[in-house]
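Everything below concerns the one structure shown next.
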Ligand code: IPE
Ligand code: IPE
Ligand code: MG
């Protein structure tokens, strides 16, 4: 995907592990939750910028299955923030033609959050721009376990023949099979790990780790990640052919 402001193609699907909110706040002598509040501004700016540049899909890791183990006050605060975010951002999502989708064990979220998510998904369903995917109560391993459970039920009911399973069969059982795999995965705040994010889908994503904490990750930092992506040589396990140009993309 090309944009006149960038010399090289941009990723079609960007996934972000939004990390470092707590540290950002603690370093400033504030409670951790203030970092989450500050992070909302980055969500707005990064989402709007990705939509403007014509990115196809943006997946934001907002709450992992493991995050339920945090102190209940922080969890409650995050759930309330999510609800407020959905209410406040609807207008911006509509203005930018963004479609909201959610992935994760959504059934584990508080009922009020679930209904706000459904409402926002319905309202934005006929938008034609970027797909914004929020990963909530999400874990890569739980996604695969959920897929296996649904697959098992289909086998038992005789709807599928297990001897014909291939990679595409598994994909069809994942949370959102229509969205193509991420081309670029960004993690903020310097940590070099995946923390159970999109384990199946990240097989060939390019990695970019920024030392900037999420509350300070804005347009300029996003552009730096895109420029880095543009300089990568994706080979997908093959030997690049000299004649066909080195920067082969899916
Ligand atoms: C990321 O920031 C937001 C969530 C995981 C919800 P953190 O809260 O993990 O911030 P740090 O890593 O403790 O600094
Ligand atoms: C990953 O960040 C989850 C989200 C960004 C929502 P964490 O802060 O929870 O990950 P760890 O604990 O550093 O691996
Ligand atoms: Mg963290």
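The values are calculated or read from the model by the stated rules, or taken from the named source; none is laboratory data. Note that the structure is a prediction, hence the values are computed from the model and not measured. Positions of Cβ are generated from backbone atoms using ideal geometry, with glycine treated the same way; all protein chains shown enter the neighbour counts.
Restrict the check to the stretch 127-145 and report whether at least one residue is in contact with a strand residue (DSSP E or B) (Cβ under 9 Å, 6 or more places away or on another chain), loosely packed, with under 13 Cβ neighbours inside 10 Å and over 27 Å from residue 199 (Cα atoms). There is at least one residue in the stretch 127-145 that is in contact with a strand residue (DSSP E or B) (Cβ under 9 Å, 6 or more places away or on another chain), loosely packed, with under 13 Cβ neighbours inside 10 Å and over 27 Å from residue 199 (Cα atoms). Scanning the stretch 94-116 for residues that are surrounded by 17 or more Cβ atoms within 10 Å (Cβ to Cβ), touching a strand residue (DSSP E or B) at 6+ places or on another chain (Cβ under 9 Å) and without any contact (Cβ under 8 Å) to a residue 40 or more places away in the chain yields 99, 100, 102, 109, 113. Contact map, the stretch 121-149: first residue under 15 Å from residue 178 (Cβ atoms), second residue within 13 Å of ligand 2 (Cβ to nearest atom), Cβ cut-off under 7 Å, separation 6 or more or different chains; pairs are 133/59; 133/103. Scanning the stretch 164-181 turns up no residue that is under 21 Å from residue 12 (Cβ atoms), part of a strand (DSSP E or B) and out of contact with any helix residue (DSSP H, G or I) (no Cβ under 6 Å at 6 or more places or on another chain).
Within the stretch 17-31, if we keep just the residues that are surrounded by fewer than 18 Cβ atoms within 10 Å (Cβ to Cβ) and in a helix (DSSP H, G or I), the residue that is nearest to ligand 3 (Cβ to nearest atom) turns out to be 23. Do the conditions hold for residue 32, that is, is it in contact (Cβ under 8 Å) with a residue 60 or more places away in the chain, within 12 Å of ligand 2 (Cβ to nearest atom), out of contact with any strand residue (DSSP E or B) (no Cβ under 7 Å at 6 or more places or on another chain) and on the phi < 0 side of the Ramachandran plot? So residue 32 fails the test.
Within the stretch 182-205, track down each residue that is assigned to a loop (DSSP other than H, G, I, E, B) and touching a helix residue (DSSP H, G or I) at 6+ places or on another chain (Cβ under 9 Å). Those that are assigned to a loop (DSSP other than H, G, I, E, B) and touching a helix residue (DSSP H, G or I) at 6+ places or on another chain (Cβ under 9 Å): 183, 188, 189, 194, 195, 196, 197, 198, 199, 200, 201, 202.
Using the structure shown, decide if residue 7 is more than 14 Å from ligand 2 (Cβ to nearest atom) and loosely packed, with under 14 Cβ neighbours inside 10 Å. Don't jump to the end; show me each part of the working.
Values: more than 14 Å from ligand 2 (Cβ to nearest atom): yes; loosely packed, with under 14 Cβ neighbours inside 10 Å: yes.
Taking the combined requirement at face value, the residue satisfies it.
For the stretch 206-234, name all the residues that are in a loop (DSSP other than H, G, I, E, B) and buried (at least 21 other Cβ atoms within 10 Å of the Cβ). Steps first, answer last, please.
Filtering the stretch 206-234 for residues in a loop (DSSP other than H, G, I, E, B) gives 210-213, 217-218, 231-234.
Scanning the stretch 206-234 gives 210, 213, 217.
The residue pairs whose first member lies in the stretch 57-75 and is closer than 15 Å to residue 140 by Cβ and without any contact (Cβ under 8 Å) to a residue 60 or more places away in the chain, whose second member is in a helix (DSSP H, G or I) and away from ligand 1 (no atom under 11 Å from the Cβ), and whose beta carbons are closer than 8 Å, counting only pairs six or more residues apart or on different chains, do not exist in this structure. Taken as a whole, the structure places residue 61 among residues that are modelled with pLDDT of 95 or more, within 16 Å of ligand 3 (Cβ to nearest atom) and under 28 Å from residue 206 (Cβ atoms).
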